[in-house]
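Here is the structure we will look at.
The values are calculated or read from the model by the stated rules, or taken from the named source; none is laboratory data. Computed from a predicted model, the values in this text were never measured in an experiment. Methodologically, a virtual Cβ is constructed for each residue, glycine included, from the backbone with ideal geometry; neighbour enumeration extends over all protein chains shown.
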Amino acid sequence: MSKTRFLTLAVLSAALAGGPVISAYAAGGDNPSPPASDSSSTKGKKAKKDKSSAIDDQKFLSGYHAAYATIYDRHDYTSAIAQLKALGQDDRADVANLIGYSYRKLGDYKVSQIWYERALKADPAHVRTWQYYGLWQVEQGNRDQAQYHLSKIAQLAGTSSDEYRSLAAALEKPPGTGLVY
């Protein structure tokens, strides 16, 4: 059973059982974190039910998991971007990060950068974005910037985290080897 399917089943089982959904939110992944609470983003807007920001919103979770599978199982980045944008949660770090990742995989580095920066603005401690943006930096030849991203990951998640090891491995490879992450 794939990791994605297993985690999806675990999340759904916990939701159906009424138990809490526990995940490593800061790292990002197939379980999105709640959007950062920013009082400025709600100024001037009509107060909504908490449903749109609740991590247990089943419609959002279902759509997010579908987009996640579209990216990592089917590698259909164009469809994933449309799915993620349709969620209407572009200000969530997990969503913005996956949109950035998809644009990067499509080779649109300028747009990818915008989405990575949007994700970090939403959550400066979003480890997966630091990793993916660091890989973006490596692909662009910005090794000093990638090293900075690596140090941020070390601060946030430690040097034994998957995100740290992935970016460190990319930095160990010689520049210009045409690596794609």
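Looking across the range 112-145, the residues that are assigned to a loop (DSSP other than H, G, I, E, B) and surrounded by fewer than 16 Cβ atoms within 10 Å (Cβ to Cβ) come down to P124, Q140, G141, N142. Report yes if Q155 is under 17 Å from E172 (Cα atoms), part of a helix (DSSP H, G or I) and of a type in the set (S, T, N, Q), otherwise no. No, not satisfied. Over 12 Å from the mean Cα position of the chain (by Cα) and either over 24 Å from A66 (Cβ atoms) or without any contact (Cβ under 8 Å) to a residue 24 or more places away in the chain (or both), is that true of K121? For K121, the condition - over 12 Å from the mean Cα position of the chain (by Cα) and either over 24 Å from A66 (Cβ atoms) or without any contact (Cβ under 8 Å) to a residue 24 or more places away in the chain (or both) - is met. Taken together, Y101, Y72, Y148, Y109 contain a single residue that is among the aromatic types (F, W, Y) and surrounded by 23 or more Cβ atoms within 10 Å (Cβ to Cβ), which is Y101.
Give the range 78-107 a look and list any residue that's outside any helix (DSSP H, G or I) and either closer than 15 Å to L135 by Cβ or in contact with a strand residue (DSSP E or B) (Cβ under 9 Å, 6 or more places away or on another chain) (or both), or say none.
L106, G107
Here are some residues: L156, L179. Which one is over 23 Å from S62 (Cβ atoms) and either modelled with pLDDT under 95 or of a type in the set (K, R) (or both)?
Of L156, L179, the one residue that is over 23 Å from S62 (Cβ atoms) and either modelled with pLDDT under 95 or of a type in the set (K, R) (or both) is L179.
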